[in-house]
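Shown next, in structure tokens, is the structure this report addresses.
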Amino acid sequence: MRPGAANGPSQLPSRPGGAASRPGAGDVGNFLGVAEGAAAGGALANRPSQRPAGGDRGSLGDRRPAERPQDRANWSERSQNRNDSWQQRVDNRGESWNKWQDNTQQRRDNFQQNRESRWDNLQRGREDRQNWRDQNREDWQQHRNDMWDYRYDRADEVWDNARDYYDDCFDDHWWGGFGYIGYHPVNPWWWWAPVTWAAATSFVYATAPAPVYVDYGTTVVYESETVYVDNKPVPAEKYDEPIVNLAVNAEQPPPPIPPEEGQPAEWMPLGVFALAQEKKGDPVMFFQISVNRQGLISGGYESVITGDKKTIAGQVDKATQNVAWRVGDNSKTIFTTTLANLTQDASTVAIHFDDERVQTWLLVRMPEPPAAGEAAKPPEINRKPPPVTPIPLPAQ
């Protein structure tokens with residue numbers, strides 16, 4: 001049988017598939033060469049912490065590197081021939097994160113102390129969802145607000161774990177392994193830049209549509225063989241297949257390379273995102289996601305547990321704004337969300353495992369290293385929930 005709603009907001013049930021081979025409710029199986037996400041009870045939970053002594057984080061495992069990039073053995077190679085602007089950004093990032101940590105410490109402590117009770121309340125609300133599907137009801141709206149309060153506190157926690165320890169992912173040096181030659185003198189972190197909805201749509205669309213924000217677990221809900229889209233039942237297979245095929249059928253595009261001076265851009269970076277489970281756990285997988293004018297998705301993936309680095313491939317469905325991508329040639333694990341979601345600091349993403357199960361995880365945008373010549377300031381997460389928008393159904 002499929003898992004039901006009792007599995008909670010982060011455990012969306014399966015798509016149609018063979019029950020005999022389906023993993024159990026608490027097992028994600030082999031996820032891109034990694035067992036279940038860190039601190040989720042899988043194999044990673046038994047790995048020793050990589051953080052230096054003194055970095056106690058309560059019940060969470062901690063698997064970020066023991067050293068910041070500038071303290072690692074390859075720093076001399078990475079910093080070779082860099083200009084003063086690059087060094088200023090390196091210096092600014094640490095100061096910015098220290099200010100952010102001071103400003104948010106109490107909120108993060110409160111979240112970790114109250115995590116279990118808050119999550120249990122959200123689970124109970126999830127189980128009662130059948131009684132209040134109507135999005136106009138106040139209890140539905142309150143549940144959604146509570147869910148987003150929790151997600152933004154999780155995003156704080158993800159930021160606290162990652163900080164500047166992964167700023168060497170997806171910079172110009174990182175992309176050297178995928179065909180980018182040399183350093184980017186103007187912006188080595190070009191791939192990290194966030195994007196607004198207006199900028200993204202002006203790049204991809206001739207005429208900008210209204211944004212579509214998918215909120216898995218509230219506006220798009222999986223139950224047994226049915227997906228409820230704005231409270232309208234749709235067969236799960238009918239809803240999922242055209243979205244998943246955006247990634248399955250996508251040819252691998254070239255890496256997103258910055259334009260040469262005076263030339264039009266072929267790619268627009270949407271930013272760098274940490275992938276994290278909703279309830280708890282360290283961010284151990286990171287994406288750089290970019291889009292071109294035709295709606296093709298390119299970018300990179302890195303597992304900070306295995307060190308695996310790959311490019312990603314996918315597409316935007318311009319009619320529905322659905323976005324789907326895969327890692328390398330792995331068409332068994334597909335990530336889906338919407339273009340509007342990718343303009344947010346935190347958003348939900350549905351992960352489709354081997355045509356058999358769908359789970360909701362979080363994508364948390366990582367801040368771009370501060371610009372040179374500007375005073376370091378703490379990064380900020382926009383904690384306003386995305387608006388509830390109509391969800392168009394994919395064409396069959």
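What follows draws every value from the coordinates through simple rules; no lab data is involved. Keep in mind that this is a model prediction, so the values were computed, not measured. Heads up, the Cβs are rebuilt from the backbone with ideal geometry, glycines too, and the neighbour counts pull from every protein chain shown.
Step through the table entries LYS232/LYS318; LYS99/LYS384; LYS279/LYS332; LYS310/LYS384, compare each Cα-Cα distance with 29 Å, and write down the pairs that go over it. In this structure, LYS310/LYS384 lie more than 29 Å apart at Cα.
Tell me, in nm to one decimal, what length is gained between GLN141 and LYS377 on full extension, where the rule is 0.36 nm per residue of separation less the Cα-Cα distance?
Numbers: separation 236, 0.36 × 236 = 84.96 nm, distance 3.37 nm.
So the chain would gain 81.6 nm between GLN141 and LYS377.
Note on the range 112-157 and the range 325-396: Cα centroid distance 19 Å, given to the nearest whole angstrom.
Just rank GLU278, GLU127, GLU223, GLU138, fewest to most, by other beta-carbon atoms within 10 angstrom.
Details: GLU278 22, GLU127 14, GLU223 17, GLU138 8.
Least crowded to most crowded, the residues run GLU138, GLU127, GLU223, GLU278.
Ordering PRO185, PRO259, ALA236 by the projection of their Cα atoms onto the charge dipole of the range 173-270, which places +1 on the Cβ of Lys and Arg and -1 on the Cβ of Asp and Glu, puts PRO185 at the extreme positive end.
Considering only alpha-carbon pairs that sit under 8 angstrom and 6 or more positions apart, the relative contact order computed for the range 105-249 is 13 percent. Taking Cβ atoms as reference points and 12 Å as the exclusive limit, the residues near VAL212 contribute a net charge of -2, counting Lys and Arg as +1 and Asp and Glu as -1.
According to the Cα-based calculation, Rg over Rh for the range 276-345 is 0.98, with Rh computed by the Kirkwood formula.
With a Förster radius of 30 Å, plug the Cβ-Cβ distance of ASP71 and TYR205 into 1/(1 + (r/R0)^6) and report the FRET value to the nearest 0.05.
0.10
Assuming a ≥ b ≥ c are the square roots of the Cα gyration tensor eigenvalues, decide whether the range 225-344 counts as rounded (a/c under 1.5), prolate (otherwise, with a/b larger than b/c) or oblate. Verdict is oblate for the range 225-344.
Ordered by the number of other Cβ atoms lying within 10 Å of each residue's own Cβ, fewest first, TYR166, TYR228, TYR216 fall into the sequence TYR228, TYR166, TYR216.
Local charge sum around GLU127 (other residues, Cβ-Cβ under 15 Å, Lys/Arg +1, Asp/Glu -1)?
Values: positive: ARG124, ARG126, ARG129, ARG133; negative: ASP120, ASP128, ASP139, ASP146, GLU223.
Here the charged neighbours net out to -1.
At a 10 Å Cβ-Cβ cut-off, how would you order GLU237, GLU380, GLU251, fewest neighbours first?
Numbers: GLU237 14, GLU380 11, GLU251 7.
Arranged by neighbour count, lowest to highest, GLU237, GLU380, GLU251 become GLU251, GLU380, GLU237.
Taking 25 °C and 0.890 mPa s as the conditions, I'd like the Stokes-Einstein D for the range 283-396 in µm²/s, using the Kirkwood hydrodynamic radius from alpha carbon pairs. Answer from the Stokes-Einstein relation: 155 µm²/s.
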